[in-house]
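The values are calculated or read from the model by the stated rules, or taken from the named source; none is laboratory data. Predicted model, so just to flag it, every value in this text is computed and none were measured. Here Cβ is always computed from backbone atoms with ideal geometry, including for glycine, and neighbour counts include all displayed protein chains. With ligands, DNA and RNA removed, areas are computed over all heavy atoms of the protein, side chains included. Shrake-Rupley method; radii C 1.70, N 1.55, O 1.52, S 1.80 Å.
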Amino acid sequence: MGEKELYDEISKTIDNRASDLNHISQEIWKNPELGYEEFAAHELLTTFLEKEGFNVSKKTPLETSFIARYGNSEGLKIGILCEYDALPGVGHACGHNLIAEAGIGAALGLKAVLKLKPDLKAELIVFGTPAEEGGGGKVKMIADGCFDETDFCMMSHPTPYELPDPYWLARIQLTVVFNGKASHAAAAPWEGINALDAAVACYNSVSMLRQQTKTTCRVHCVITDGGQKPNIIPERAAMNFYIRGLTDKDTDELEAKVRKCAEGAALATGCTVKLTNDDPKYSAVKTNPTLINLYVKHAKELGVEFNDDEYRTKLLASTDMGNVSQIKPSIHPLFKIKSEGPNHTHQFTTAAGHENNQLATLKSAKSMAMAALDVICKPSLMEDIKKEFQAS
């Protein structure tokens, strides 16, 4: 059986299971769950994979993560990652239901080939990774050694654009808490130390800092606590920052400057300040050239058009897949779905559940599976992948 027949088997399998895959996507979309609370999605995916003949380790190593295996444990180990957490207020406005669908679809396609040709030495490992939207599920799984055995890892993400190698930024979450002294705001304001003033001063300092910030860096913030009542001088104020950069180094340097803004605001107002990194740091994504070229080749053969390169420097976001890409050769392409708004909007939530966007998801699943098959069948490609990873 030649390569074309194997590609056809992947495509045919995914097409034949389109209804099952859509059911998975729809069930996750209808029942959005926040990070580390994805109990229904976890049960849905693990039960499905068990029925498909995968050896599934549930709740490994986290309550809502899993690891599912199929194939030859002594062969090439291919990691396919699924996400399924939602956002507060807007549900699946990042389309993680489609990420899960694409990952499971790719897994079914590869499984069909491995079953058809048992002489292919490869093991497919599907990772269920919770809490990408804050919480860093993959970072915690890395710490537990979950990805150590994989030779390379793959996942894809829906957006309004078709970008094989987007700029995924590193991200640091910084919580800033100012503490002052309460007092009656009318009768004795001079007795108080205003923590909200410190937060406002910090916010304004960061706004001025943006003038000297690289165009590929980002800082954004919300004030999560600004006091209780207007007639009480706020004795506590809190802020939550996301700090991003094109590289880990850029992000670290920018965080140091934001910390100085907070420390300066505390000094100016007489407050004390506590700075903490409550969420794990997300690293920038390193896209493996050989792997992504294989993905693009097959996607083009399936009719996908990659014509959105102009958005590469405009569509800037972060993911804990970046941390995976720092330890294993990886790809994290964006596949295009029809949406009237960008990710993290109500319009994108609607798009993520629309039947018109199933075809794009299935094409991405096929492209991942076919790219992985190329590496299985041609060992020299794995050598190229390793060399590129080591060089980067």
Legend entry - Distance between modelled label sites at Ala143 and Glu383, nm, 7 Å Cα→Cβ extension: 3.9 nm
Legend entry - Candidates Thr287, Thr313, Thr175: whichever shows maximal mean-square fluctuation once the chain is modelled as a Gaussian network with Cα springs under 10 Å: Thr313
Legend entry - Debye equation applied to the C-alpha atoms of region 282-338, log10 I(q)/I(0) at 0.29 Å⁻¹: -1.22
Inset, instruction - First measure r as the distance between the Cβ atoms of Lys59 and Met208, then evaluate 1/(1 + (r/R0)^6) with R0 = 41 Å and state the FRET efficiency to the nearest 0.05. - result: 0.30
Legend entry - Ranked packing of 149-158, 36-45, most packed first, by mean Cβ within 10 Å: 149-158, 36-45
Legend entry - Reference-scaled alpha-carbon Rg (2.2 N^0.38 Å with N residues) for region 191-301: 1.47
Legend entry - Average accessible surface area per residue within the chain, 1.4 Å rolling probe, Å²: 42 Å²
Legend entry - Taking the convex hull of Cα positions in region 48-127, its mean projected area over all directions (nm²): 5.6 nm²
Inset, instruction - Principal axes first, then extents: for the Cα atoms of region 1-147, list largest minus smallest coordinate on each axis, whole Å, largest first. - result: 50, 33, 22
Legend entry - Compactness of region 330-392, expressed as Rg and Dmax over alpha-carbon positions, Å: 16.3, 45
Inset, instruction - Pop out the carbon and sulfur fraction of the accessible area of the chain as a percent, whole number, probe 1.4 Å. - result: 51 percent
Inset, instruction - Provide the gained length on full extension for the span Arg69 to Thr215, in nm with one decimal, where the gain is 0.36 nm per separating residue minus the Cα-Cα distance. - result: 48.3 nm
Inset, instruction - Output the pairs from Lys115/Lys386; Lys77/Lys328; Lys181/Lys274; Lys111/Lys281; Lys77/Lys387 with a Cα-Cα distance over 22 Å in this structure; if there are none, say none. - result: Lys115/Lys386; Lys111/Lys281
Legend entry - Length released on extending from Ala391 to Lys12, taking residue separation times 0.36 nm less the Cα-Cα span: 132.7 nm
Inset, instruction - Can you tell me the dipole magnitude for the chain around its Cα centre, using point charges on the Cβ only (Lys, Arg +1; Asp, Glu -1), in Debye to the nearest 20? - result: 620 debye
Legend entry - For the chain, average projected area of the Cα convex hull in nm²: 20.0 nm²
Inset, instruction - Taking only the C-alpha atoms, wrap a convex hull around region 93-151 and report its volume per residue in Å³ as a whole number. - result: 79 Å³
Legend entry - Cα Rg over Rh - region 36-87, Kirkwood: 0.99
Inset, instruction - Tell me what the chain gives for mean residue ellipticity at 222 nm when only DSSP H runs of n ≥ 4 count, each as -39,500 (n - 2.57), the sum divided by the residue total, rounded to 500 deg cm²/dmol. - result: -13500 deg cm²/dmol
Legend entry - Mean projected area in nm² (Cα convex hull; one quarter of hull surface) for region 103-253: 13.8 nm²
Legend entry - Under 16 Å from Lys300, Cα to Cα: lysines that are on another chain or at least 8 residues apart: Lys4, Lys336, Lys363, Lys366
